[in-house]
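Quick notes on the structure that follows.
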Amino acid sequence: MDIKKLKTAHREVAKMAECKEIFWTNPKAGDEKKLPFNMEDICEAEARLKRFAPYIAKAFPETAVSGGIIESELVEIPEMKKELENMCGEFGGRLFLKCDSNLPVSGSIKARGGIYEVLKFAEEVAIKAGMLSTEGDYSILTEPRFRELFSTYSVAVGSTGNLGLSIGIISAKLGFKVTVHMSADARQWKKDLLRSKGVTVVEYPDDYQKAVAEGRKEAASDPYCHFVDDEASQDLFMGYSVAARRIGAQFEKLGITVDDEHPLFVYIPCGVGGAPGGVAFGLKEVYGENAHIFFAEPTHAPCMTLSMITGLKNEIAVSDIGLDGKTEADGLAVGRASVLVSDVMETLLDGCYTIEDNRLYPFLARLADTEDIFIEPSSCASFPGPSLVSADAEWLEARGLTDKMKNATHILWATGGSMVPEDEMRSYYECGR
Ligand SMILES: *Cc1c(COP(=O)(O)O)cnc(C)c1O
């Protein structure tokens with residue numbers, strides 16, 4: 001790979017190699033392209049989650065209030081908007097936070113895709129055993145005979161942390177044997193919590209990619225093992241995408257309009273790409289060209305940004321441009337992007353930007369001070385987004401958005417936080433102060 005050539009061809013890549021922050025808009029956004037999924041796939045995933053709702057409500061009583069549907073609030077954060085404008089620059093419209101940081105069961109966006117994939121596997125196993133039908137009441141899955149059935153199967157996953165939490169918690173609850181392969185940079189409390197639930201945690205001194213590779217290898221040799229592949233799973237992707245089918249009702253309640261005159265902007269932190277990719281795909285299916293999606297990554301691990309700018313997908317890693325992939329935003333510490341997501345996002349994503357680790361904490365503290373909402377550092381990577389987009393007059397003009405920005409709805413997608421132990425969160429907060 002000729003890195004020198006890449007740097008000359010893309011000035012952003014040269015800046016990224018120096019660990020500098022960049023903002024990039026995608027020239028291919030809106031181009032025609034045949035996608036591997038469609039609205040039907042999203043609806044199928046949504047229907048499956050509805051079938052499981054009676055089980056979820058029973059197995060996780062905290063979800064009973066929402067009828068066993070794992071969903072998060074969308075809240076307006078006007079005080080944080082003022083802070084953000086002071087810190088990063090003014091922008092028109094209203095600012096909201098999508099609180100996936102508070103998702104029940106596992107406290108991060110992984111409660112969408114991760115739980116969905118394990119439920120789908122459980123459904124297959126139970127139907128094949130003749131013990132469940134798609135028309136039946138899924139709350140029977142809490143019965144001991146199902147735990148017995150599932151205990152003959154195992155689930156494995158490689159994870160930087162939050163995916164491991166989701167897969168571990170739901171798999172152990174259903175009765176699967178479950179192994180989480182974790183990279184060394186995963187937080188200790190996540191490992192402890194999983195072990196307390198009977199999950200086998202295997203630690204690797206190397207990075208996340210190594211953990212995934214080991215998990216995949218172990219699973220490949222065992223026909224009774226289902227491996228959740230963060231780099232390539234379509235099930236994970238579809239689970240995330242369902243968010244887009246549910247957010248419309250929240251828009252209605254909050255008086256949010258999305259149409260030709262009222263653009264929607266969504267800013268999501270990105271690791272390997274599955275979670276933000278799935279949400280973005282869903283939103284583009286539902287809201288089309290009125291939805292504008294941007295991904296945010298740390299300057300030390302901008303794998304999707306690199307993939308998108310160079311068009312090289314998973315053939316390029318951040319180490320190829322001399323970056324170490326190390327970041328305090330542990331949910332985003334990924335060196336190589338998912339090829340599946342890179343491919344789907346090629347024409348759907350409006351752009352990417354990167355942020356230095358030390359800027360995450362002040363956002364975390366300001367959000368706590370102004371809105372009393374606590375989220376993890378990874379979750380804060382998206383915060384400069386509305387200001388960055390609004391400052392790019394040329395891009396806004398080219399996309400016919402200049403006069404519409406006063407009507408814009410900006411959503412910062414908070415991806416994790418509620419499971420972080422209190423003392424750990426306090427130290428993040430103090431750091432940000
Ligand atoms: C996993 C995660 C992300 C990004 O999701 P990917 O699928 O890895 O791109 C963002 N924030 C948090 C807190 C996460 O746990």
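For the range 120-130, indicate whether the set of residues that are closer than 28 Å to THR200 by Cβ, away from the ligand (no atom under 16 Å from the Cβ) and part of a loop (DSSP other than H, G, I, E, B) is non-empty. Among the residues of the range 120-130, at least one is closer than 28 Å to THR200 by Cβ, away from the ligand (no atom under 16 Å from the Cβ) and part of a loop (DSSP other than H, G, I, E, B), which makes the answer yes. Selection of the range 302-338 for residues being of a type in the set (Ser, Thr, Tyr) and either within 13 Å of the ligand (Cβ to nearest atom) or assigned by TED's automatic domain parsing to the domain that holds SER159 (or both) yields THR305, SER307, THR327, SER338.
The combined condition, being more than 16 Å from the ligand (Cβ to nearest atom) and free of Cβ contacts under 8 Å to residues at least 24 places away in the same chain, is fulfilled by ASP423. Scanning the range 271-296 for residues that are aromatic (Phe, Trp, Tyr) and within 22 Å of LYS313 (Cβ to Cβ) yields PHE281, PHE294, PHE295. In summary, SER171 fulfils each of the numbered conditions (1) open to solvent by 10 Å² or more (accessible area, probe 1.4 Å); (2) polar (S, T, N, Q); (3) assigned to a helix (DSSP H, G or I) with the single exception of condition (1). Identification of helices (runs of 4 or more DSSP H) wholly contained in the range 359-416 with 3 or more residues that are buried (at least 22 other Cβ atoms within 10 Å of the Cβ) and within 16 Å of the ligand (Cβ to nearest atom) yields 360-371.
Annotation: LEU49 fulfils all but one of (1) in contact (Cβ under 8 Å) with a residue 40 or more places away in the chain; (2) under 30 Å from ASP369 (Cα atoms); the unmet one is (2).
May I ask you to say which residue of VAL75, VAL65 is open to solvent by 40 Å² or more (accessible area, probe 1.4 Å) and either under 22 Å from the mean Cα position of the chain (by Cα) or closer than 30 Å to GLU117 by Cβ (or both)? None of the others qualify; the one that does is VAL65. Within the option set GLY325, GLY351, being open to solvent by less than 10 Å² (accessible area, probe 1.4 Å), touching a Phe, Trp or Tyr at 6+ places or on another chain (Cβ under 9 Å) and not basic (Lys, Arg) holds for one residue only, GLY351.
Evaluate the following for GLY325: is it at pLDDT below 95, in contact with a Gly (Cβ under 9 Å, 6 or more places away or on another chain), at positive phi and assigned to a loop (DSSP other than H, G, I, E, B)? Taking the combined requirement at face value, the residue satisfies it. Determine, yes or no, whether VAL155 is at pLDDT 95 or above and not in a helix (DSSP H, G or I). Yes. SER221 meets each of the listed conditions (1) among the polar types (S, T, N, Q); (2) more than 30 Å from LYS406 (Cα to Cα); (3) under 15 Å from the mean Cα position of the chain (by Cα) apart from (3). Restricting the range 20-46 to residues that are assigned to a loop (DSSP other than H, G, I, E, B) and in contact with a strand residue (DSSP E or B) (Cβ under 9 Å, 6 or more places away or on another chain), the residue that is surrounded by the fewest Cβ atoms within 10 Å (Cβ to Cβ) is LYS20.
Meeting the requirement of 2 or more residues that are open to solvent by 20 Å² or more (accessible area, probe 1.4 Å) and touching a helix residue (DSSP H, G or I) at 6+ places or on another chain (Cβ under 9 Å), the helices (runs of 4 or more DSSP H) wholly within the range 187-289 are 188-196, 234-241, 243-254, 274-287.
All conditions but one from (1) touching an Asp or Glu at 6+ places or on another chain (Cβ under 8 Å); (2) under 25 Å from LEU396 (Cβ atoms); (3) in a helix (DSSP H, G or I) apply to CYS352; the one that does not is (3). Among the numbered criteria (1) buried (at least 20 other Cβ atoms within 10 Å of the Cβ); (2) assigned by TED's automatic domain parsing to the domain that holds ILE309; (3) within 30 Å of SER307 (Cβ to Cβ); (4) not basic (Lys, Arg), which one does LEU49 miss? Among (1) buried (at least 20 other Cβ atoms within 10 Å of the Cβ); (2) assigned by TED's automatic domain parsing to the domain that holds ILE309; (3) within 30 Å of SER307 (Cβ to Cβ); (4) not basic (Lys, Arg), the lone unmet condition for LEU49 is (2).
When LYS81, LYS98, LYS110 are checked against the criterion of being under 19 Å from ALA280 (Cβ atoms) and open to solvent by 10 Å² or more (accessible area, probe 1.4 Å), a single residue qualifies: LYS110.
The values are calculated or read from the model by the stated rules, or taken from the named source; none is laboratory data. Bear in mind that the values here come from a model prediction, so they are computed numbers and not experimental data. For neighbour counting, all protein chains shown are included, and Cβ atoms are generated from backbone atoms with ideal geometry for every residue, glycine included. In case anyone asks, the SASA skips ligands and DNA or RNA and just uses the protein heavy atoms, side chains included. Shrake-Rupley method; radii C 1.70, N 1.55, O 1.52, S 1.80 Å.
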